[in-house]
Amino acid sequence: MRKGLTLLLYAFIAMFVVFFIVGGGFGKKPDLFLNNGNVTVFAHKGNSEYEVANSIPAFECSAEIGFTANEIDIRHTSDGKLILFHDDTCNRLLGIDYKIKDVEWNFIKDTKLLFNWRPATYTAVSLEHFFQFYKPEQLVYMDIKEASKAIADSLLELLKTHKNPKNILIANSNILFINYIKLKNPNIKTVLEGFKKGKEWIYYFIPKNFKPDFYASYLKEVDEKHMEFLVKNQLLKNKIVYGVNHQNIHEVYAFGLQNIILEYTDTLGSLEEIKQNLESNLSAK
């Protein structure tokens, strides 16, 4: 029994050493910024104030406002089609009592999306179609709702068609998933979601070569100690916060954050004013 435990311990140590060597130690990853280090504002699911979230009209609205970056949600159907869809069920957006992963794409592709429980004039969007519509010079933050090798491989295959993969951010809370994406396509930027106050210690245990490019969390999961950590480790430009709206954007300004995913409404003023406020509060820090 003791011999078996000793062998197990040696095996664990050997694996750790290999992981450490391949990972390049626990140093800091070379800096990689969004928008050349300037402030970046992503439209949350496009402009979902007047159109269905993650729809082509929602992205057209965000472009009219002036957004050059959008956040989208990605799920998959039972036949492996990657689509822009937030919920795990079809009830709210399609009026169908199924989970999205349990239906085939052909079953839902012609079904009108629901906006405030009323049918819109358009349907759900496949990621393939989105790439055909979306301008490659614009940033896109992809919130991948489920993590698996099959999803990663499908995503990587589809990303081969994108003309500017450097403007793609793949976001997920599973670090193995985003590292697999990065390993297969180093041009793609990765985002570790759920990196919040109280979880800062995770950063120190991720080897340099396996560290994500960016770290994200809800705004409500940021506090002064978290900001101190970001500044100390020169990660302020690598932090992205979501859950930002007209009610709490003043907290973004107070913290001096610069990369946000915004639920835009007219009450916020113009996008240019928002960016100017972000820049002025950043420079004051």
- Among bridges DSSP assigns within segment 56-200, what percent are antiparallel (round to 5)? 40 percent
- Taking R0 as 45 Å, what's the FRET efficiency between residue 266 and residue 197 from their Cβ-Cβ distance, rounded to 0.05? 0.90
- Paramagnetic reach from residue 146 (point 7 Å along Cα→Cβ, amide N under 16 Å) across segment 78-96: 78-91
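Write out the trypsin sites (Lys or Arg not before Pro) in segment 118-201 meeting two conditions: DSSP loop, and at most 12 other Cβ atoms within 10 Å of their Cβ.
Numbers: sites: 145, 149, 160, 163, 166, 182, 184, 189, 196, 197, 199; in loops: 145, 160, 163, 196, 197, 199.
Qualifying residues, ordered by number: 160, 163.
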- Task: Could you check what % of the DSSP bridge pairs in the chain are antiparallel, to the nearest 5?
- Result: 25 percent
- Roughly speaking, what is the stretch gain from residue 99 to residue 248, that is 0.36 nm per residue apart minus the C-alpha to C-alpha distance, in nm to one decimal? 50.4 nm
- Can you list the GluC sites (Glu not before Pro) in segment 98-193 that are in a DSSP coil and have 12 or fewer other beta carbons within 10 angstrom? 104, 137
- Item | Over segment 133-194, relative contact order from alpha-carbon pairs under 8 Å, at least 6 apart, % | 36 percent
- In terms of the Cα gyration tensor, with a ≥ b ≥ c the square roots of its eigenvalues, is segment 20-159 rounded because a/c is under 1.5, prolate because a/b exceeds b/c, or oblate? oblate
- Query: Among residues other than residue 272 whose Cβ falls under 15 Å from its Cβ, what is the net charge (Lys/Arg +1, Asp/Glu -1)?
  - Reply: -3
- Task: Just subtract the alpha-carbon distance of residue 137 and residue 78 from 0.36 nm times their residue separation and send over the number in nm, one decimal.
- Result: 18.1 nm
- Potential lengthening between residue 206 and residue 116 on full extension [0.36 nm per residue; Cα-Cα distance subtracted]: 28.1 nm
- Query: What FRET efficiency, computed as 1/(1 + (r/R0)^6) with R0 = 30 Å and r the Cβ-Cβ distance, is obtained for residue 164 and residue 225, rounded to the nearest 0.05?
  - Reply: 0.20
- When all alpha-carbon pairs of the chain are counted, what percent fall beyond 30 Å? 35 percent
- Query: Can you give me the pair-distance distribution of segment 156-285, C-alpha pairs, 10 Å bins, whole percents?
  - Reply: 12, 39, 32, 16, 1
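Between the DSSP loop rule and a limit of at most 16 other Cβ atoms within 10 Å, which chymotrypsin sites (Phe, Trp or Tyr not before Pro) in segment 108-154 are left?
Taking segment 108-154 and a limit of 16 other Cβ atoms within 10 Å, the loop chymotrypsin sites (Phe, Trp or Tyr not before Pro) found are 117.
Counting only C-alpha contacts under 8 Å and six or more residues apart, can you give the relative contact order of the chain as a whole percent? The partial results should precede the final answer.
Numbers: 485 pairs, mean separation 51.7, N = 285.
Averaging sequence separation for qualifying contacts and normalising by length gives 18 percent for the chain.
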- Treat each spin label as a single point 7 Å out from the Cα along the C-beta direction, and report the residue 276 to residue 129 distance in nm. 3.9 nm
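Read-outs throughout are calculated quantities, based only on the coordinates presented, and are distinct from any laboratory measurement. Note that this is a predicted model, so its numbers are computed, not measured. With ideal geometry, Cβ positions are generated from the backbone for all residues, glycine too; neighbour counts draw on all protein chains shown.
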